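First comes the structure, then the notes that go with it.
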Amino acid sequence: MKSPAYWNALLYELSVKLLWRKKKSREILRWEKARQWIPKASNVVEVAAGTGRFYLEMLSHHVKSYMALDINPAFVENMTLKGIPALQTDLRKDPIPGADVVVMISALYHFKNIAPEFLKKLQIAARDRVIIVEPISQPLDRKSLYDRMRAKLVDIGEGPIFQRYSKEELLGLCEKHAEILHFEPLPDNEFLIVLCKKNHSKDL
């Protein structure tokens, strides 16, 4: 069953603040680090955009065009009401519109079971680069109440998610299926990765 955090935008943002206890300054820092790799006047698509806060905080006066993609109709409706271009999209099935830059923040682990194919899909959509910000941790402990809550709160309707990426897994995935332009640790055990397509890659 879908987590209450995904029922509407308000509950989602509240859950992020309460459960992950992210400080505003650290969120701003990771957004700033990601924006540094987005050339001004770029065309940008953000996948799994959530409630569109990255766009509102960092991109509204920086990019030429922007499109938010998310599977959650409540999130898409909320973004549309805020004036954010948004499209309800099942990223496992639907195509990703082409853009200069494709961005994904704290969501790649949702697609871990199809990671190689999904990473290729991001690259195909990106004319220039893919920017990923991803949390790094060991698998959550099923015996821990706190970890079970964390796993359940990211359930978008496919079941609790206990698996996250280790640094080695994430690097290995990206090195195999892309060319890493930049890799940088961020606060709260997150990493920023900037990718481009491998030249003449047979995978794409």
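The values are calculated or read from the model by the stated rules, or taken from the named source; none is laboratory data. This structure is a prediction, so every number in the text was calculated from the model and none was measured. With ideal geometry, Cβ positions are generated from the backbone for all residues, glycine too; neighbour counts draw on all protein chains shown.
Numbers for the structure displayed
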item: Residue match in the stretch 49-61 (condition: among the aliphatic types (A, V, I, L, M) and touching a Leu at 6+ places or on another chain (Cβ under 9 Å)); result: yes
item: Tally, over the stretch 172-184, of residues that are more than 17 Å from VAL103 (Cβ to Cβ) and either crowded, with 16+ Cβ neighbours inside 10 Å or under 16 Å from the mean Cα position of the chain (by Cα) (or both); result: 2
item: Hits in the stretch 42-87 - residues which are over 20 Å from GLN123 (Cα atoms) and touching a His at 6+ places or on another chain (Cβ under 9 Å); result: none
item: Hey, PHE162 over 22 Å from LEU91 (Cβ atoms) and either assigned to a loop (DSSP other than H, G, I, E, B) or at pLDDT 65 or above (or both) or not; result: no
item: Scope the stretch 171-198; condition among the small types (Gly, Ala, Ser) and in contact (Cβ under 8 Å) with a residue 40 or more places away in the chain; matching residues; result: ALA178
item: Qualifying residue in the stretch 104-111 (condition: part of a loop (DSSP other than H, G, I, E, B) and on the phi > 0 side of the Ramachandran plot); result: yes
item: Residues that are out of contact with any helix residue (DSSP H, G or I) (no Cβ under 6 Å at 6 or more places or on another chain), closer than 26 Å to HIS182 by Cβ and crowded, with 18+ Cβ neighbours inside 10 Å, drawn from the stretch 54-87; result: TYR55, LEU59, VAL63, MET67, LEU69
item: Filter result for GLU57 (touching a Phe, Trp or Tyr at 6+ places or on another chain (Cβ under 7 Å) and either in a loop (DSSP other than H, G, I, E, B) or under 15 Å from ILE132 (Cα atoms) (or both)); result: no
item: Checklist (1) touching a residue at least 40 places away in the same chain (Cβ under 8 Å); (2) closer than 18 Å to ASP100 by Cβ; (3) among the β-branched types (Val, Ile, Thr) applied to VAL63, failing item; result: (1)
item: Any chance SER137 is exposed (fewer than 14 other Cβ atoms within 10 Å of the Cβ), at pLDDT below 90 and farther than 15 Å from GLY50 by Cβ; result: no
item: Residue within the stretch 8-26 that is surrounded by fewer than 19 Cβ atoms within 10 Å (Cβ to Cβ), of a type in the set (D, E, K, R), at pLDDT 90 or above and closer than 30 Å to GLN123 by Cα present; result: no
item: Qualifying residues in the stretch 89-124 (those that are within 14 Å of LYS197 (Cα to Cα) and among the acidic types (Asp, Glu)) - the one surrounded by the fewest Cβ atoms within 10 Å (Cβ to Cβ); result: GLU117
